[in-house]
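Worksheet: one structure, shown below.
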Amino acid sequence: MSENYVVFVEQSLKLNISKILLSQIQGKAILRSISWEPEQNTVFHVVNKHTGKKHFTTFHTKAFATFHQINAYEDQNCIVLDLCCSDDGGALELFQLQNLRKSGVDLNETVKQLAKAYPRRFVLPLGSCVKDDVAIQPLNYSSATATKQGDRKIWCTYENLHDHTLDSCGLEFPQINYAKYNTKKYRFFYGCGFQHFIGDSLIKVDVETKKAKVWKEDGYYPSEPIFVPYPNSVEEDDGVILSAVLTPHKNKNIFLIFLDAKDFTEIARAEAPIQIPYGFHGIFLSQNT
């Protein structure tokens, strides 16, 4: 969602309603009702927030699956849409309970089959700058392209928002300085790297340089990073990153880590002699909230 538009992402994942009902009756997992159809394009539908009307153009791209969006903003009559994208939505099948119960070599083999999600940028031009069958870059600071294919269809290609650092782990659970940069042009986002079934590293990415900074500690698994700005902060990354870091080792403590959001170095950690379940998402509430 940008300041004036909502973008609905029609993915190449299909929910079969009759199978959903049948799975409820049979006590089966809803996963059986989801199919991956890579022969179908992914389509972006743009709706004006104020009028409720759909933009006359639909924006198409090759099939991908997405669960988390980084940010979206408007610039020069375009919507800039940043998402975490996977090229194989069929990998959802691997998240069945029998796989989650695996360990050791068996678990590692399953992890190798997982399709990683990578941060990508799409630029959706809302005006008439796009010409028939000619790929253009609507914004000079992005390599994302758009090609007009008929009166109401534009084909889009993406720009990668990462360097080689993410090749082996991908990135999910993205967060930004939400309070100040949601729906606005921004530079930094934070997320979890996945070389296992669950996140095993924290990552900061600069969308301008594509460079990444990584925090990782063997045997520990951080939750979604939460950005907390310093009081009266000026720069976008003036703040700290919070993450609950867990471990399966009973002789080690879990901890809440505090990272300097600028250089991604550890400021402090607060240990707790308890074990808690792994959590995907979190939120920071100030004392005044």
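Which of the residue pairs Lys184/Lys204; Lys28/Lys54; Lys14/Lys131; Lys14/Lys116; Lys62/Lys112 have a Cα-Cα distance greater than 26 Å in the structure shown?
Pairs exceeding 26 Å: Lys28/Lys54; Lys14/Lys131.
Taking Cα extents along the principal axes in Å straight from the coordinates, which label in (i) 78, 42, 26; (ii) 64, 55, 38; (iii) 92, 32, 29 is the correct one?
(ii)
Which whole-number percent is the relative contact order of the chain (Cα, under 8 Å, 6+ apart)?
So the answer I get is 12 percent.
Sequence gap at least 6, Cα distance under 8 Å: using those rules, report the relative contact order of the range 73-152 to the nearest whole percent.
32
So what's the gap between the Cα centers of the range 124-174 and the range 89-122, to the nearest angstrom?
Centre-to-centre distance over Cα atoms comes out at 27 Å.
Which of the three applies to the range 164-289, rounded, prolate or oblate, going by the alpha-carbon gyration tensor with a ≥ b ≥ c and a/c under 1.5 meaning rounded?
Since a/c reaches 1.5 but b/c is at least a/b, the shape of the range 164-289 is classed as oblate.
For the range 1-130, calculate the relative contact order in percent as a whole number, restricting contacts to Cα pairs under 8 Å that are 6 or more residues apart.
23
Length gain on complete extension for the stretch Thr51 to Lys28, per 0.36 nm per residue less the alpha carbon to alpha carbon distance? All intermediate terms of the calculation are to be shown ahead of the outcome.
On the way: separation 23, 0.36 × 23 = 8.28 nm, distance 4.12 nm.
Full-extension gain reported as 4.2 nm.
Where does the charge balance sit around Ala261 when Lys and Arg score +1, Asp and Glu -1, over other residues with C-beta under 11 Å from its C-beta?
That works out to -3.
Only the coordinates and a few stated rules stand behind these numbers; no lab work does. Here the structure is a predicted model, which means the values were calculated and not measured. Don't worry about glycine lacking a Cβ; one is built from the backbone with ideal geometry, like all the others, and counts go over all protein chains shown.
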